[in-house]
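The values are calculated or read from the model by the stated rules, or taken from the named source; none is laboratory data. Since the structure is predicted, the reported quantities are computational estimates derived from the model, not experimental observations. Note: ideal-geometry Cβ built from the backbone for every residue, glycine included; neighbour counts use all protein chains shown.
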Amino acid sequence: SVKNIRFHNTFHAIEWFMNIIFTAEYIVRVMVVKNKKDYIFSMMGVIDLLSILPFYIGIFAPEAKYLMIIRLFRLLRVFRILNMMDYMDDGHYILQSLRSSSRKIYIFLMFITIIVVVLGALMHIIEGGKNGFHNIPVSIYWAVVTITTVGYGDISPVTPLGKLLSVVLMLCGYSIIAVPTGIVSSQMRECMNKAKKLCDRCGNIDNDDDARYCKQCGQKIVEESS
């Protein structure tokens, strides 16, 4: 997209190399997986396939590679990064924490939505439909911009009561980051504590939940009887 920067040959070679690697990986996955149908039609399986299809479409149908839908398929390669989560313990903790705390976050977001709608409508009444607050949807837009601490400045209250209400909304905005972060981090800490095993010999607590031997001293970990 930058006209004075051109590395066509280099990027073309990299694209060939990466697509060959991705294709080989996809074929190997299909060959070694026990239930091939489940993988092929799973979300990651479909993404893997669609991410390499534009390359071969460009080879066998060069005129089609410029179609917008084909170019959009190339963006699906970004989602292949999600495959790395299978090899990252911390990634599992994050996903598990998000799933466990999803209900709390949902309730919090619903509460924020109610605040935005109510205070936005209230601001429309306070400002009397003037100063940019011509209707309730526009006032709600102002409330969203204010509570997220973005503050474009295209709409701002003039009346003293309106300014006071905007201050309240700004203070509520800090909770948008603080509350979900606290919920997820607390849940993550709980998940990590549950997923670790203690070694009686060296006291190491950084052993995985399915570990049979301590990763620090090699001592066999005694299973706790339920």
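Quick one: is Ala195 of a type in the set (A, V, I, L, M) and modelled with pLDDT of 80 or more? Show your work before the answer.
Numbers: of a type in the set (A, V, I, L, M): yes; modelled with pLDDT of 80 or more: no.
Here the answer is no, as Ala195 does not meet what is asked.
Would you check which residues across the range 89-108 are within 30 Å of Leu161 (Cβ to Cβ) and either surrounded by 13 or more Cβ atoms within 10 Å (Cβ to Cβ) or not assigned by TED's automatic domain parsing to the domain that holds Tyr174 (or both) and list them?
Pass one, the range 89-108, residues within 30 Å of Leu161 (Cβ to Cβ): 107-108.
Once the filter is applied, which keeps residues that are within 30 Å of Leu161 (Cβ to Cβ) and either surrounded by 13 or more Cβ atoms within 10 Å (Cβ to Cβ) or not assigned by TED's automatic domain parsing to the domain that holds Tyr174 (or both), the range 89-108 yields only Phe108.
Residues checked against (1) aliphatic (A, V, I, L, M); (2) in contact (Cβ under 8 Å) with a residue 40 or more places away in the chain; (3) touching a Leu at 6+ places or on another chain (Cβ under 7 Å):
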| residue | (1), (2), (3) |
| --- | --- |
| Thr113 | no, no, no |
| Ile126 | yes, no, yes |
| Gly153 | no, no, no |
| Val167 | yes, no, no |
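Val28 passes all but one of (1) surrounded by 10 or more Cβ atoms within 10 Å (Cβ to Cβ); (2) more than 29 Å from the chain's Cα centre (by Cα); (3) at pLDDT 85 or above; which number fails?
(2)
Counting only residues that are surrounded by fewer than 18 Cβ atoms within 10 Å (Cβ to Cβ) and within 29 Å of Ser97 (Cβ to Cβ), which one in the range 131-169 is nearest to the chain's Cα centre (by Cα)?
Within the range 131-169, the match that is nearest to the chain's Cα centre (by Cα) is Thr148.
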